[in-house]
Amino acid sequence: MKGALVFWPPTASARAAEVDHVVIAFTVVLLCLTVPIFLFMTYCAWKYRAGRAADRSHPQARNLKIELSWMLIPFGLALIFFVWAARIYDDELHPPPNALQIDAIGRQWMWKFQHPGGQAEINDLHVPMNEPVRINLISQDVVHALYIPALRIQMDAIPGRATFLWFDADRAGKYRLYCSEFCGTDHSRMAGTLYVMEPKDYEAWLAAQGSVAGLAEQGRELFSRFGCSGCHERGSTVRAPSLAGLYGSPVPLEDGRIVTADVSYIMDKILYPDQNKIAGYKQKMPSFDGKISDSDLLRIVAFIRSIGTT
Amino acid sequence: MSELVLRDAPPPVATIGRPETYLNDGQTIRSWLFTTDHKRIGVLYLISITFFFIIGAIAAGLIRLALVVPDGSILTNDIYNKLFTLHGVIMVWFFLVPSIPNVLGNFLLPIMIGAKDVAFPRLNLLSWYIFMGAAVFELFVLIAGGVDTGWTFYTPLSTIYSNSWVIPAVLGVIVVGFSSILTGVNFITTVHTMRAPGMTWFRMPLFVWSMYATSLILVLATPVLTMAMVLLFYERAFGIGVFDPGAGGDPVMFQHLFWFYSHPVVYVMVLPGMGVMSELVTAFAYKRVFGYTFIAYSSMAIAAIGFFVWGHHMFFNGISEYSGMSFSLLSFAVAVPSAIKVYNWAATIHKGEIRLATPMLYAMGWIALFVVGGITGLFLASLGIDAHVHDTYFVVAHFHYIMVGATVLAFLGGIHYWWPKITGKMYPEFWGRVSALFMFVGFNMTFAPQFVLGYLGMPRRYHTYPPQFQFLNILSSAGATVLAAAYLFPLAYLLWSIRYGRDAPPNPWDARGLEWTIPSPPPPHNFEEVPVVDFEPYDYPNRIPEA
């Protein structure tokens with residue numbers, strides 16, 4: 001068993017801390033309203049148990065004042081929390097106009113984030129801290145939802161409808177992000193990491209993104225030239241597995257075996273797609289055996305490796 | 001169970017000299033399959049839904065097994081998704097919705113109001129046949145082909161992107177809806193037209209009130225589900241653009257239609273449980289219920305307000321801020337009548353003569369679990385909190401506290417309470433208490449860790465998860481094994497009691513209510529002569545008669 005035992009999620013924004021405050025205060029109030037019921041019932045079950053002598057005179061079957069009091073007082077108390085939580089919701093729906101805008105595209109089964117300067121990343125999201133960030137969400141296929149527990153926030157990404165969420169992270173670090181709306185076979189793999197960075201680190205990261213080259217970058221170009229992106233990338237109408245995060249991860253096959261997606265598996269799949277059929281998919285991919293040079297094949301594999309998360 | 005019932009009944013010759021009961025009135029399979037007796041139909045439903053509960057529970061067991069490891073190496077994602085869809089579809093439509101209404105409601109509602117049957121006995125049998133047809137078909141579809149959309153069938157995953165058997169699964173759900181509607185119509189008509197002389201509305205047992213409220217929801221909400229499913233069917237089968245944005249549709253509209261049914265249907269699962277509670281608490285506190293009219297009206301209030309809270313499933317799909325706030329406020333409001341009931345039951349126990357028999361243990365467990373389920377519902381109804389816990393294990397834990405904790409415990413408590421009436425046999429009390437305790441412990445061990453998991457941020461319907469969530473997942477799975485054992489106990493000793501249990505007297509609990517004035521098991525037409533009701537409900541003398 002890996003990982004320390006935790007009972008409270010990390011908190012990375014002022015709003016997240018406020019959500020925690022509402023939760024704690026509401027819990028206290030609700031315990032005050034309900035624990036007495038349990039104590040009272042236990043006490044009665046003991047005091048008035050059958051066969052025990054106890055004063056049972058003048059039992060009541062109705063009492064309007066009591067009825068109204070336990071109807072209205074808890075409701076009144078709960079309304080405080082309705083208002084408090086609604087104010088947080090109001091804040092979530094009104095981003096400051098000067099927020100940094102990042103586009104998020106959800107598709108089966110990956111998140112693609114695009115920064116204003118054109119830098120793009122898959123499943124990972126780098127943002128500066130102490131600056132409002134607005135994530136504009138769209139989906140290219142089914143309904144997804146971007147969920148960042150450390151910020152206590154989520155929003156659906158819906159095809160044909162633009163949504164957004166915004167936050168102002170105040171603590172640098174790595175936090176998890178997920179897709180929280182069930183979106184099909186690999187829903188639970190549609191997860192990644194949020195990097196909250198010092199503004200200067202964020203600038204440095206952006207700059208570094210602009211100068212990536214090499215095998216993987218050439219592979220990216222070949223990836224579209226050979227038509228791979230037609231099915232394996234966003235905007236395609238064919239349902240093919242996303243290759244983001246594929247490298248190094250286990251792949252369940254139709255015949256029940258599970259193989260690890262290493263370089264040889266990926267090469268075999270490109271050359272002989274009819275072998276090692278993947279569970280949950282229709283095999284539609286054409287074979288590239290004899291149609292691609294070895295060097296180009298390596299470049300494409302390098303690109304697929306580069307979008308892997310491990 | 002049917003074979004046992006049949007085997008237990010003596011051969012026809014021996015019935016001479018024995019009182020005629022609904023069980024020995026005809027002993028052929030045919031006499032059961034073509035019966036129009038509401039009691040026999042109730043028993044048919046009991047056998048059917050028990051079977052489907054076991055199927056759904058096995059799927060749940062496999063899900064919990066898969067979640068013992070974080071990397072999803074036990075099942076494939078595809079099989080995992082099909083399993084939780086099977087679990088949801090079977091449990092919601094083929095166990096929870098028909099559980100208390102169609103078993104206990106069918107058996108008891110006519111007797112409780114002094115009628116000899118429901119208003120439309122043949123419609124009642126038809127409802128069972130529709131249910132069975134849909135259920136067997138759905139089970140075949142979910143096992144042979146599988147569906148990987150979740151029981152919510154969200155578009156466009158269900159209409160365009162899923163490669164599984166969505167169309168037949170949707171047809172099964174459409175068909176089973178008609179069974180709900182027929183039962184609802186039948187109960188409403190029965191309550192309106194078949195009450196015995198003197199059985200005024202405010203002399204009806206609170207169980208009947210809850211059945212009435214439930215039936216109103218079934219009749220009003222189910223057609224909306226049918227519409228949503230028919231549109232989904234058209235879109236998937238014929239490509240008609242209703243929900244597909246590419247063809248000018250709106251996927252969010254499906255969510256509105258779906259939850260317009262599926263939230264009220266939560267109250268179809270909870271209201272009957274509340275009705276059972278009122279019967280159990282009064283009988284075992286041996287006291288008049290506190291605030292009869294408040295409890296009766298609160299059932300109606302829940303049924304009414306329950307229709308206006310569906311949007312709380314959709315706070316984060318881009319609905320307008322004012323819709324979000326309205327739905328949140330209404331969701332707070334719907335908690336009020338539920339709270340009334342809980343406080344009233346607690347007050348009922350005060351100055352009672354309390355016997356902690358098995359049904360009462362289930363009842364007290366029920367109240368605890370329902371309160372936890374209810375107050376965690378308030379967290380989900382709070383907009384800013386829901387932003388964090390929506391679609392996480394917090395939701396999973398919450399609705400299992402309501403549906404398993406409240407509905408299943410009420411169902412089992414009611415089954416124990418009325419078992420002597422249904423079968424004419426007493427169950428073994430000791431084992432009953434053991435099972436009630438195991439159920440309570442196993443249930444909390446399974447679902448309490450999921451509240452923590454949800455708040456930590458584990459999304460629901462996740463086959464793989466970060467390793468730091470593993471401990472709590474293992475704890476939850478361990479609880480599920482305790483819970484499974486707790487389910488097997490009653491199955492075993494209740495079946496045992498049919499053959500070996502001691503004969504039940506007409507009123508083993510000294511309880512009030514018309515069902516306890518007739519023999520156990522009841523004669524085919526319930527009452528020798530039409531009862532005249534000249535007493536108030538729950539008119540307990542506040543002192544158990546000396547044995």
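A short reminder: the numbers here are calculations on the coordinates, not readings from a lab. Keep in mind that what you see is a predicted model, and the values were worked out from it rather than measured. FYI the Cβ positions are ideal-geometry reconstructions off the backbone, even for glycines, and counts take in every protein chain you see.
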Notebook entry, point to check: aspartates and glutamates near B:Lys351 by alpha-carbon distance under 12 Å, same-chain residues fewer than 8 away left out - which ones?
Noted result: A:Asp55
Next item on the list: In nm, give the distance between the simple-model label positions of A:Tyr265 and A:Ser57, each being 7 Å from the Cα along the Cα-to-Cβ direction.
Entry: 8.1
Next item on the list: Take the cross-link list A:Lys269/A:Lys291; A:Lys112/B:Lys82; A:Lys47/B:Lys421 and give me the ones stretching past 21 Å between alpha-carbons.
Entry: A:Lys112/B:Lys82; A:Lys47/B:Lys421
Next item on the list: Return a whole-number percent for the relative contact order of region A:248-310, with Cα pairs under 8 Å and 6 or more residues apart as the contact set.
Entry: 31
Checklist line | Mean Cα-pair separation over length for chain A, i.e. relative contact order, pairs under 8 Å, 6 or more apart, % | finding: 15
Note to self: Suppose the chain between B:Glu20 and B:Val532 were pulled fully straight at 0.36 nm per residue; how much longer would it get relative to their current alpha carbon spacing?
What the structure shows: 182.1 nm
Note to self: In 10 Å bins starting at zero, report the fraction of Cα pairs in chain A per bin as a rounded %.
What the structure shows: 5, 20, 24, 19, 12, 9, 6, 3, 1, 0
Next item on the list: Let me know the charge dipole size of the protein assembly as shown about its Cα centre in debye, to the nearest 20, where only the beta-carbon of Lys, Arg (+1) and Asp, Glu (-1) is charged.
Entry: 1760
Checklist line | region B:416-501: mean projected area of Cα convex hull, nm² | finding: 6.7
Notebook entry, point to check: How far, in degrees from 0 to 90, does helix A:64-92 lean away from the longest principal axis of the Cα atoms of chain A, to the nearest 10?
Noted result: 30
Notebook entry, point to check: Angle, helix A:199-210 long axis vs. longest principal axis of chain A, Cα atoms, 0 to 90°, nearest 10?
Noted result: 30
Note to self: Placing unit charges on C-beta atoms (Lys and Arg positive, Asp and Glu negative, everything else neutral), compute the dipole magnitude of chain B about its Cα centre in debye, rounded to 20.
What the structure shows: 680
Notebook entry, point to check: Any idea what the alpha-carbon Rg over 2.2 N^0.38 Å comes to for the protein assembly as shown?
Noted result: 1.02
Margin query: Give me the three principal axis extents of region A:100-210 from the C-alpha atoms, as integers in angstrom, largest value leading.
Written below: 38, 28, 23
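Would you mind estimating how fast region B:280-394 diffuses translationally, via Stokes-Einstein at 37 °C and 0.692 mPa s with the Kirkwood radius over Cα pairs, in µm²/s?
208
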Checklist line | Longest to shortest principal axis, alpha-carbon extents of chain B, angstrom | finding: 71, 50, 42
Check: Mind checking Rg over Rh on region A:3-127, alpha carbons, Kirkwood formula for Rh?
Finding: 1.24
Next item on the list: Could you work out the Kirkwood radius for region B:45-135, taking every pair of different alpha carbons, averaging 1/r and inverting it, reported in Å?
Entry: 15.0
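Calculate how many DSSP beta bridges within the protein assembly as shown are antiparallel, expressed in % of all such bridges and rounded to the nearest 5.
Values: 33 of 46 bridges.
The antiparallel proportion sits near 70 percent.
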Notebook entry, point to check: Going by how many other Cβ atoms sit within 10 Å of their own, how do B:Lys421, B:Lys116, B:Lys351 line up, fewest first?
Noted result: B:Lys116, B:Lys351, B:Lys421
Next item on the list: For region B:438-547, just run the numbers: alpha carbon Rg, then divide by 2.2 N^0.38 Å, N being how many residues it has.
Entry: 1.78
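Which helices of chain B meet both criteria: a Cα extent of 27 Å or more along the helical axis and a mean Kyte-Doolittle score no lower than -0.5, with helices taken as whole DSSP H segments?
Both cut-offs are met by B:38-66, B:121-140, B:166-193, B:206-238, B:264-285, B:321-349, B:358-381, B:429-456, B:470-500.
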Note to self: Show me, for region A:249-264, the HN-Hα J-couplings you get by feeding each phi into the Karplus relation (A = 6.51, B = -1.76, C = 1.60, θ = phi - 60°), rounded to Hz, glycine and proline as x.
What the structure shows: 9, x, 10, x, 9, 4, 7, x, 6, 10, 10, 8, 7, 9, 4, 5
Notebook entry, point to check: So what is the 222 nm mean residue ellipticity for the protein assembly as shown from helices alone, if each DSSP H run of at least 4 adds -39500 (n - 2.57) and you divide by all residues, rounding to the nearest 500 deg cm²/dmol?
Noted result: -17500 deg cm²/dmol
Next item on the list: Among A:Lys277, A:Lys112, A:Lys65, determine the one that fluctuates most according to a GNM of chain A built with springs between C-alpha atoms less than 10 Å apart.
Entry: A:Lys65
Note to self: How long are the semi-axes of the equivalent ellipsoid of region A:215-306, defined as square roots of 5 times the Cα gyration tensor eigenvalues? Whole Å, largest first.
What the structure shows: 20, 15, 13
Item checked: Inter-chain Cβ neighbour average for residues A:30-40, partner chain, 10 Å -> 4
Note to self: Using the Cα atoms of region A:134-192, I'd like the radius of gyration and the largest Cα-Cα distance, Dmax, both in angstrom.
What the structure shows: 11.7, 35
Margin query: Whole percent per 10 Å bin, from 0 to the bin with the longest distance: what is P(r) over all C-alpha pairs of region B:394-463?
Written below: 18, 38, 24, 14, 5, 0
Notebook entry, point to check: In what sequence do A:Lys47, B:Lys39 fall when counting other Cβ within 10 Å, fewest first?
Noted result: A:Lys47, B:Lys39
